[in-house]
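Q: Below you will find the structure I want to go over with you.
The values are calculated or read from the model by the stated rules, or taken from the named source; none is laboratory data. Treat the numbers as computed from the prediction; the structure is a model and nothing was measured. Here the Cβ positions follow ideal geometry from the backbone for every residue, glycine too, while neighbour counts run over all protein chains shown.
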Amino acid sequence: MAGPLRTEAVVLRSMRYGEADRILHLYTLQHGRVGAIAKGVRRARSRFGGRLEPFFRVRLILHQGRGELCTVTAADTVHGYRRLREDGPALDAAARACDAVGRLFETSEPHPGVFHLLCNELALLDADPRLATRSNGLAFRLKLLLAAGLAPALGGCATCGDHEHLVGFSGAAGGVVCGACEAGSFPLSESAHGFMVDALGRSLTDAPQAQDGTLGQVERAVAETLEHHAHLRLMPAARRERPGAAA
């Protein structure tokens with residue numbers, strides 16, 4: 001039904017449109033992913049100021065018309081995450097987190113847990129930009145898989161249920177596999193297995209760290225899970241670990 005819609009949102013992406021407008025990709029608390037247009041936002045005296053830039057957390061009033069896009073009629077800043085904008089790796093990590101949320105949760109179905117997870121990630125990057133590591137990005141993606149119902153089986157072989165000799169990972173099977181079921185899998189080290197278990201069991205503030213070789217296996221496991229079960233490919237979680245970040 002056409003009318004006003006009040007919601008909190010994170011601006012995932014912003015694109016120029018026409019002479020002064022912007023098209024916004026939003027992830028909202030109550031309405032999942034929403035597309036909107038902010039009219040006149042690029043004018044010097046726009047009433048929206050700079051609060052509709054990517055990665056802002058905002059309170060919005062949207063008008064639902066007959067088209068696919070809502071119209072932004074009011075916007076107030078909840079958090080602008082200023083510090084992460086001053087750090088290149090943190091800004092890049094924020095972009096990758098927002099891209100992952102927007103692509104994995106692309107419908108209007110609400111997922112409050114995903115909204116708060118994204119806000120927590122942005123707040124962490126803002127509080128300490130040094131947390132913009134490959135480890136952090138992969139821990140965040142594993143939590144997104146859990147929220148989407150796609151978390152890999154890690155407690156036992158995804159094929160036969162055996163709890164011992166877990167030596168590989170199969171995206172098609174949906175998790176770790178034992179030596180007897182490893183056909184079609186890739187080798188998974190104990191450290192990579194442990195990283196995934198810890199990342200899913202801990203908060204983002206206590207996310208594990210690991211060496212690049214371990215993280216490469218984790219990234220492959222996440223990528224294969226998404227490809228097989230969501231038919232989706234994401235950008236890599238990060239270009240590399242920051243110096244001194246790995247445990």
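Q: Looking at segment 1-48, which of its residues are basic (K, R) and outside any strand (DSSP E or B)?
A: Correct list: K39, R42, R43, R45, R47.
Q: If you check A90, A123, which single one turns out to be in contact (Cβ under 8 Å) with a residue 24 or more places away in the chain, in contact with a Pro (Cβ under 7 Å, 6 or more places away or on another chain), assigned to a helix (DSSP H, G or I) and not assigned by TED's automatic domain parsing to the domain that holds G50?
A: A90 is the lone residue from the list that is in contact (Cβ under 8 Å) with a residue 24 or more places away in the chain, in contact with a Pro (Cβ under 7 Å, 6 or more places away or on another chain), assigned to a helix (DSSP H, G or I) and not assigned by TED's automatic domain parsing to the domain that holds G50.
Q: Let me ask something else about it. Restricting to segment 54-85, and then to whatever is touching a strand residue (DSSP E or B) at 6+ places or on another chain (Cβ under 7 Å) and exposed (fewer than 13 other Cβ atoms within 10 Å of the Cβ), can you tell me which residue is nearest to R33 (Cα to Cα)?
A: Only one residue fits best here, namely E68.
Q: Residue by residue through segment 125-134, note down the ones that are crowded, with 23+ Cβ neighbours inside 10 Å and within 18 Å of P54 (Cα to Cα).
A: Hits for segment 125-134 are L125, A132.
Q: Moving to a separate point now. So which residues in segment 178-191 are out of contact with any Leu (no Cβ under 8 Å at 6 or more places or on another chain) and closer than 21 Å to G216 by Cβ, if there are any at all?
A: Listed by number, the residues that qualify are E182, G184, S185, F186, P187, S189, E190, S191.
Q: Suppose we filter R66, R33, R103, R13 for residues that are under 21 Å from A139 (Cβ atoms), basic (K, R), in contact (Cβ under 8 Å) with a residue 60 or more places away in the chain and not assigned by TED's automatic domain parsing to the domain that holds L144; which single one remains?
A: Only one candidate passes the filter, namely R103.
Q: Listed residues G88, G50, G35; which is touching a Leu at 6+ places or on another chain (Cβ under 6 Å) and surrounded by fewer than 16 Cβ atoms within 10 Å (Cβ to Cβ)?
A: Sole residue among the options that is touching a Leu at 6+ places or on another chain (Cβ under 6 Å) and surrounded by fewer than 16 Cβ atoms within 10 Å (Cβ to Cβ): G35.
Q: Name every residue in segment 134-177 that is in a loop (DSSP other than H, G, I, E, B) and within 14 Å of V218 (Cα to Cα), in order of residue number.
A: A151, P152, L154, G171, G174
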